[in-house]
Amino acid sequence: MAIAVWPSQVPHCQLREGAGVPVLAAAPISSETEGGPALMRPRPGPIATEISWRSVPWNGEQYQAFHQFLMRTLYQGTQHFRMPVYKPGECYVTRICQIKGGAGGVAVDESQAPLFSVSFTLIVFNW
């Protein structure tokens, strides 16, 4: 099955104050040894980095496009998708992502009506 792509009509840039500091890699696997320091090695598989992501304000059409993408294309946020993600020093790079907790992990802010903002924890693979 093909991996979905972030909708072009929905801005992918995020607010700086909504951005969290990512952990660059998972803790290594550690093995005890007799009479010496523990041996450590990296975890196998892709490196998954979690980023706190908050959108810039979206108009109603942009929010509806996102909602459609989340609920139908991503099967309630359970599927992976490609999205441009900001990487310090490199600008935006396209990576495979997933929303932590699926649709249940997405918070919608309507306090600036008629504009909407959404926030969620974005899992970025091989960031």
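General remarks:
- Selected residue (criterion: surrounded by the fewest Cβ atoms within 10 Å (Cβ to Cβ)) from residues of the stretch 99-117 that are at negative phi and under 12 Å from the mean Cα position of the chain (by Cα): Gly105
- From the list Ile123, Ile29, Ile96, the lone residue that is within 15 Å of the chain's Cα centre (by Cα) and modelled with pLDDT under 95 is Ile123.
- Whichever residue in the stretch 30-89 is of a type in the set (Ser, Thr, Tyr) and not in a loop (DSSP other than H, G, I, E, B) and, among such residues, is surrounded by the most Cβ atoms within 10 Å (Cβ to Cβ): Ser55
- Across the stretch 62-93, the qualifying residues are those that are hydroxyl-bearing (Ser, Thr, Tyr) and on the phi < 0 side of the Ramachandran plot, and the one among them that is nearest to the chain's Cα centre (by Cα) is Tyr86.
- Selection status of Thr49, at pLDDT 90 or above and among the β-branched types (Val, Ile, Thr): no
- Within the stretch 98-120, none of the residues are under 19 Å from Ser8 (Cα atoms), of a type in the set (Val, Ile, Thr) and not in a strand (DSSP E or B).
The values are calculated or read from the model by the stated rules, or taken from the named source; none is laboratory data. Just so it is clear, the model here is predicted, and its values are computed rather than measured. Every residue, glycine among them, receives a Cβ derived from its backbone with ideal geometry; neighbour counts consider all protein chains shown.
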